[in-house]
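Before any comments, here is the structure.
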Amino acid sequence: MCNRMILTVEKQKRVAAWAFLLPGLAVYVLFVVGPLLFSFYLSVVKWNGVGPRTFVALENFLRLFTSSQFITSFWNTIKLTGVSVAIQIPTALVLAFLLYRSTHGTKFFRALIFLPVVISPIAIGFMFTIFYNSELGLLNTVLDTLGLAALKRQWLSDPDVLLGAVMAPQVWQFIGLHMVIHFAALQTIPEEIFESAHMDGASGLQVFFRLVIPLLWEVIQITLVLCVTGSLKSFGHPWIMTQGGPGVRSSYMTVLMFRVAFLERNFGFASAITTAIVVMALLFTVVFRRVTRRESVEY
Amino acid sequence: MKRSIVTIGTILLVLGSAFAGGSGEQQSGVATLRFATTWGAADSKGTYFIPMLEAYRAENADSVNLVVEEYGSDDMVTKITVELASGELPDIFSYWGGIQRLGPLVEGDALLDMNEYFAVTSVVSREDFTQAGINHFTIDGTLRGIPMEANVAAFVCNREMFEQFGLDFPATYEDMLEVGRVFRENGIIPFAMASNGGNPSHFWFSEMYKQFPGGLEEIRDLPNSRRFATENALRVAQIIDEMRRNEMLPADTVSNGAWGPAFALYNEGRAAMIYTYPWMLGSMDQQMQDKSVVIDVPELPGATESPASFISGFATFGFVVNRASFEDPAKREALISFMDFMISDEMFNELMQGGLIPTKAYDMPVDAFNDVMQQTLRHYQDRPQTTSHFWQMHDPAVANAFKAALDELYAGIITPEDFVDQVQTAFDESDM
């Protein structure tokens, strides 16, 4: 009798769990899994958006390896990812630590650094297009005024500086996001830990490297994943500033995907690019979790 | 447990009914029409067009719920591409003629044969429109849209700047280089021509091309010959490269490319000359119009076709109608009424103020055009219209390769030879 009752309660719990899970699951399947599968299906066909779809097996994927446009866009994306990780995360971490330690103006500077994050990449892109403009923009004028005319460039036309100029707004814009995440995590660390370190005579650098980084390691991993996946799906800044050009010299994979799909109406190849982006993001996440797996520091 | 299941059920029901109610929105007797247009805030015609639409909406509120969606040009192409693929096209939308843009819509059997509209409307007939306009919207022998806007390119000079330095307007390319040198020395951009997304550079490329031997014919025959890599193409690319090296163009050709930025350089008095089209001229400041002079395109060395003997012009824009919407009895009358309104004389009169050259033959008030437009029309009147490479590239992949290569050529990243090769390769790889 008792066993039957336990079974019934278990069953009811399971039904309730599924009932609560189903709406979310349905939305996820409908809006994430479904489009992903459809996108993968499109990547093995030739389709211009109308008319019949012709099965071409792996032709679109093989083209990824021979298309100079894709190869350039791929490396641009890798460069953006590298630069974002190298600049955004350390800068955000340092800023968060400095804000945490400061006694004055914390709220003001936190808001100031976070402000660009809430502005649309489109608006930031427009702003930097004007900023970089050699005829109307501010950057070259400022360089002139500072006696640094030798550094003046055609920022969006010169292939030597073009990609860096297009990356810069994005790298700058999202430092605030990572800073806020690190700052919030820092606030969860008990104050006594820092006080003990202080009493033991630890310097600021020692506190940062020996305490802050190990204690925030779990959070840093999350921001790293956010930074990498954010870079992989970056689109707004280059699209507004250069449309990925001249040619594809400032194009990321997403920009190329958009051009191929919507300007050239080659949905098959565009979907192969999309699949490549998804695979890269998944691979990175899995490999990264394995490589960085270590015991988190408890406090 | 029972209560939670009931709660979940209620939530699902509410959600279900919300989704069910979302699509219809059809009040009794009021047809909802979705109209997508590029003639909004980003276009000089928007100032006149949007108030007309609002007035129409107010006057016909009891029969039509007009939903207006405004997009930039590139966004419009994206939107229509997506909505065609998903079967969600607007009921009626502004669009370009020509097979490159209309081809997919025709292939998807999405467009109304406009003869069906002309058969039922009582206010207009297809004979009221210019033959060039009708031809531009005729695909495979069927009229797929109604042309509204014709265009003519204009080469415009800032008279005040030329007078300031005692210069004559350039009649030849050599003159252009000479005045350009003087302007550069005085901190003025000689020629507001650059390239971002191939704009506005692709029209300028064709403009020069037509002056060379057989150029007009080569462009006209491009869809059949698929031969872009000609001696003329290389020659034009070399001239562009030479203009760049002689600092005739803005230094940063990407950030000063695209229609708006290039036009802004002239309109703000930073550049002395510009080659542009009515959709930009319509928004020229009055002060700048007063000092602007329309001239012939300078003659290039080796030209066999005088630039004074033709103009670059075409019917570009009009509107098309979703066939399924027209066949929907609930929308048909509302659509016909709205189409009548769109091509009414009153509408054209308003749009002319924003720079639109009507494709409709009627007693138009020419003084509705702004000064520089009137000057443009007077200067180039009675010359035969000629087309350009872009409109002859039926495969959008080729057209985009052409535009992308132009961006690189203007930025000095590729050589004229590479430019020609790149575009020809796109032609060779195209299966259209």
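Coordinate-derived values only; no laboratory data. Just so it is clear, the model here is predicted, and its values are computed rather than measured. In this analysis, Cβ positions are derived from the backbone assuming ideal geometry, glycine residues included, and neighbour counts consider all displayed protein chains.
Quick look at the values:
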quantity	calculated
Amide H partners (placed H, <5 Å) of B:Tyr95, local residues excluded	B:Gly318, B:Phe319, B:Val320
Phi-based couplings in Hz for the stretch B:30-38 (Karplus 6.51, -1.76, 1.60; Gly and Pro marked x)	10, 8, 8, 10, 8, 10, 9, 8, 9
Gaussian network model of chain A, springs between alpha carbon atoms under 10 Å - residue of A:Leu22, A:Leu186, A:Leu42 with greatest fluctuation	A:Leu22
Residue-count net charge about B:Gly103 - beta-carbon cut-off 15 Å; Lys, Arg +1, Asp, Glu -1	-3
At 1.306 mPa s and 10 °C, Stokes diffusion of the protein assembly as shown via Kirkwood alpha-carbon radius, µm² per second	54
Among B:Val294, B:Val156, B:Val67: highest mean-square fluctuation, GNM of chain B, C-alpha pairs under 10 Å	B:Val67
Cα long-axis angle, helix B:329-342 against chain B (0 to 90 degrees, to the nearest 10)	30
Histogram of C-alpha separations across chain B, 10 Å bin width, %	4, 20, 29, 23, 13, 6, 3, 1, 0, 0
Per-residue HN-Hα couplings for the stretch B:377-387 [Karplus 6.51, -1.76, 1.60; θ = phi - 60°; Hz; x = Gly/Pro]	5, 5, 5, 9, 4, 6, 8, x, 7, 10, 8
Test item: A:244-254 mean partner chain Cβ contacts at 10 Å	5
Calculated Rg and Dmax of the stretch B:153-241 using C-alpha coordinates, Å	15.5, 49
Estimated vicinal HN-Hα couplings, Hz - the stretch A:24-31 in sequence order (Karplus 6.51, -1.76, 1.60; Gly, Pro = x)	x, 5, 4, 4, 4, 5, 5, 9
Cα Rg, Dmax (largest Cα-Cα span) when computed across the stretch A:43-291, Å	21.7, 74
Amide H contacts of A:Glu264 (H built 1.01 Å from N, under 5 Å, at least 5 apart or other chain)	none
Built amide H within the under 5 Å cut-off of B:Met393, gap 5+	none
Fewest-first ranking of B:Phe165, B:Phe317, using other Cβ atoms within 10 Å as the exposure measure	B:Phe165, B:Phe317
Candidate lysines for bridging to A:Lys79, where Cα separation is under 29 Å - those fewer than 8 sequence places away on the same chain excluded	A:Lys152, A:Lys233, B:Lys403
Mean-position separation - Cα centroids, the stretch A:62-79 and the stretch B:266-313, in angstrom	40
Relative contact order for the stretch B:113-169, counting Cα pairs under 8 Å that sit 6 or more residues apart, in percent	27
Angle between chain B longest axis and helix B:416-429 axis [Cα atoms, degrees, rounded to 10]	30
